[in-house]
Amino acid sequence: MTARERLKLLVPGILLLSGFSAMAAPQVVPADGARVAVIAPGMDAVTLVAAAGGKAIATTDTGIIAVSDQPGFTGRLYRSGAWLVLRFDGLVGCLNPALEDSDNERG
């Protein structure tokens with residue numbers, strides 16, 4: 001098999017991988033002001049979020065759901081000791097995790 005034939009086989013795989021990465025990046029990399037799931041086993045996650053300038057919404061044994069309206073929140077979480085910070089769009093029960101008031105009242 002020549003180098004040109006190998007390249008023909010490799011290009012579709014590279015395109016597929018780059019397309020998948022482009023679609024997955026917004027789901028993994030949280031934007032400023034977005035709710036995030038912070039994974040920090042063995043650490044006090046509430047203290048970690050507070051040190052990064054965020055507000056805790058809910059906690060679990062190994063992590064916390066947090067939000068901050070300050071730019072660079074994700075980077076500060078990693079510098080404070082978080083293992084993983086992911087965008088969180090899940091339900092948090094009766095809590096309103098948005099920083100602004102909700103206007104979803106029924107009439």
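Apply 1/(1 + (r/R0)^6) to the Cβ-Cβ distance of residue 7 and residue 83, taking R0 = 35 Å, and write down the FRET efficiency to the nearest 0.05. Walk me through the numbers before you get to the answer.
Details: r = 38 Å, r/R0 = 1.09.
So, using R0 = 35 Å, E works out to roughly 0.35.
For residue 59, the residues 5 or more places off, or on other chains, whose built amide H falls under 5 Å of its own are 65. Calculate, for residue 50 and residue 22, the FRET efficiency according to 1/(1 + (r/R0)^6) with r their C-beta to C-beta distance and R0 35 Å; round to the nearest 0.05. For residue 50 and residue 22, the calculated efficiency is 0.55.
Any read-out appearing in this document is the output of simple, stated calculations on the displayed coordinates, not a laboratory observation. Since this is a predicted model, take the numbers as computed values, not measurements. Neighbour counts are summed over all protein chains in view; Cβ atoms, including those assigned to glycine, are modelled from backbone coordinates with ideal geometry.
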